[in-house]
Amino acid sequence: MDGRISGGRQVSAVRAWSFTAAMAAVARLPLIGFLLLIAAGGLVWGGWQMIALPMLWLLPALYTRAVLPDALPGRAVRPDDEPELAALVRDMAERTGFGAPLLVRIVPEPAVLTYRVRIGGGHAYALLLGLPLVRALSATHLAAVIAHELAHERHFDDRRTRALLAARVALAERLEGRLRPLAPLAAPLLRATQPWPWQEELAADAEAARVVGGDAAREAVERVAVIDAAFDGIAQDWVEDLVEEGSYPVDLYEAFDLALQDPLVRARAAREDAEEEALDVYATATHPPTAVRTAALPHTGTGTGTGTSTSTSTSTSAAYGSAPLVLRDAEVVVEWCVQRLACADGPGGTLQAGGGGGALRPEDLKPVRLLQLDADRFRLPADGGHRAEALAAATGQSSPTGALRAALDAVADGDWYGLARRMRPRLRWLPAAVRRSLGCQVLASAMGAALVPLLLEAGWSCTSRWMSTVLTAPDGMVVDLYEVLVTAVDGGDPAPVHALLDKSGTEKAERA
């Protein structure tokens, strides 16, 4: 890393380290304040125990961190077991000039991550590859993703960058709770330093484009964003719902692969990805928006071979093709990943060192097949009944139709945000800049949950096997209810929703 921040502007090492120190200090203000309070109490009352007890409390954690080895997340991929994947990773390492020892491990979520690990007396790197990406991406797009990650370590792995990024992550974590007393100090620091990781991401994208071609790199960025949003919004819900019932989906990845083939699912995931990016009011995101990344990549079809001594142009697409890379030990890997997801400590737990243990064991859960269940069991949103009940309670109406009409009246009067906050009291704890957007989504989702059963009863049908928010009318018209409802709430115009509600009543009467 050469010290450049946005627009290529040079940033001195002193300035970079100053930002890092400031973010680290702000992130640790609660702990510092607690320790100072304990120390002051010990000095005033003469109780040395007040100073010693916090240190004794911290000693186990410090010992564990210093002595015990870090547990590597994921399942190891050995070259002899998966020679095709090993060859692809080795080729990308050569093309990017990455010469350090590299361990490849499969994780259940659609993540790609590279980080340093201790092995014996030396260091190596672990490359975590998410199974959903390995299954859904073509080999060429997977190569682009791997090249991007290796470029991070090859070109930006210096102490200054690692310290700054770690300080940003630690500070961002302090803004996740309901109370955010550090926000006035944290937000300016995060905004000032966000161009640093963004530039690094764009530079890694450019390296991937150099290796595999601009078009392949761009498509990989787009597809990874969609897969990530879809897995978080669909597959994770499937697992959580079934685990609550004492079972887990053995065909989770098979069902998810089928869902990704649905253009409506992909469109929904892309929309959710864009909505999440727009809500980053504290500038905690380490990646630029997907649209920014894809716009920065060149329109070139092939890579330029190795980045070291060879100048021969090579088409990575021709070398790896457009089909996904098939794992030879796929059945065992899938079983391991599904069980790890079902028994994880919580969201993302399997990507943490030593994570994924959880209280549950695979033998505590009954294996079921998603694709053999009734479609309504895994058609999203899965909590539609709860949302419809919340709307009825917030409006004081006993029927779905009455609740919908009351909500539409609130939209017409401009009082809809109060209705959304009654359904989701936590909105008041969110930053002011995102309350309206999230409140709009909350109300639109609840109205959709109440409207869908009425339309289905009137003869409409679900357009997608995987979603309940896109319906087909008896005359063949396809309506994305969520889009219609969000537009109506945000624009204060309930007329289109009134028309759908009236239409459902008319069609129901005609069918009767």
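The values are calculated or read from the model by the stated rules, or taken from the named source; none is laboratory data. Note that the structure is a prediction, hence the values are computed from the model and not measured. In this analysis, Cβ positions are derived from the backbone assuming ideal geometry, glycine residues included, and neighbour counts consider all displayed protein chains. Note: areas computed on protein heavy atoms with side chains; ligands, DNA, RNA excluded. Shrake-Rupley method; radii C 1.70, N 1.55, O 1.52, S 1.80 Å.
Miscellaneous remarks
- Arg405 being within 28 Å of the chain's Cα centre (by Cα) and surrounded by fewer than 20 Cβ atoms within 10 Å (Cβ to Cβ): no
- Set side by side, the residues Pro188, Pro197 differ, and just one is without any contact (Cβ under 8 Å) to a residue 60 or more places away in the chain, surrounded by fewer than 22 Cβ atoms within 10 Å (Cβ to Cβ), in a helix (DSSP H, G or I) and not small (Gly, Ala, Ser), which is Pro188.
Okay, residues lined up against (1) of a type in the set (D, E, K, R); (2) open to solvent by less than 60 Å² (accessible area, probe 1.4 Å):
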{"position": "Ala388", "(1), (2)": "no, yes"}
{"position": "Arg422", "(1), (2)": "yes, no"}
{"position": "Gly439", "(1), (2)": "no, yes"}
{"position": "Ala449", "(1), (2)": "no, yes"}
{"position": "Gly459", "(1), (2)": "no, yes"}
{"position": "Pro474", "(1), (2)": "no, no"}
{"position": "Gly492", "(1), (2)": "no, yes"}
{"position": "His498", "(1), (2)": "no, yes"}
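- Taking (1) open to solvent by less than 50 Å² (accessible area, probe 1.4 Å); (2) touching a Cys at 6+ places or on another chain (Cβ under 8 Å) in turn, Phe378 satisfies each apart from (2).
- Residue match in region 311-319 (condition: open to solvent by 40 Å² or more (accessible area, probe 1.4 Å), modelled with pLDDT of 90 or more and of a type in the set (A, V, I, L, M)): no
- When region 480-512 is limited to residues that are outside any helix (DSSP H, G or I) and out of contact with any helix residue (DSSP H, G or I) (no Cβ under 7 Å at 6 or more places or on another chain), the one that is modelled with the lowest pLDDT turns out to be Ala512.
- Members of region 216-255 found to be open to solvent by 40 Å² or more (accessible area, probe 1.4 Å) and either part of a helix (DSSP H, G or I) or in contact (Cβ under 8 Å) with a residue 12 or more places away in the chain (or both), listed by number: Glu219, Glu222, Arg223, Asp228, Asp232, Asp237, Glu240, Asp241, Glu244, Val250, Glu254
- Any hit, region 450-462, residues being within 23 Å of Glu389 (Cβ to Cβ), touching a Ser or Thr at 6+ places or on another chain (Cβ under 8 Å) and part of a loop (DSSP other than H, G, I, E, B): yes
- Among the residues listed as Thr286, Thr294, the single one being out of contact with any Cys (no Cβ under 8 Å at 6 or more places or on another chain), at pLDDT 85 or above and within 20 Å of Thr140 (Cα to Cα): Thr294
- When residues in region 374-400 are screened for being in contact with a Leu (Cβ under 9 Å, 6 or more places away or on another chain), among the hydrophobic types (A, V, I, L, M, F, W, C) and either at pLDDT below 80 or not in a helix (DSSP H, G or I) (or both), 1 of them pass.
- Filtered residues of region 113-130 (kept if within 15 Å of the chain's Cα centre (by Cα) and either over 14 Å from Ala93 (Cβ atoms) or assigned to a loop (DSSP other than H, G, I, E, B) (or both)): Leu113, Gly130
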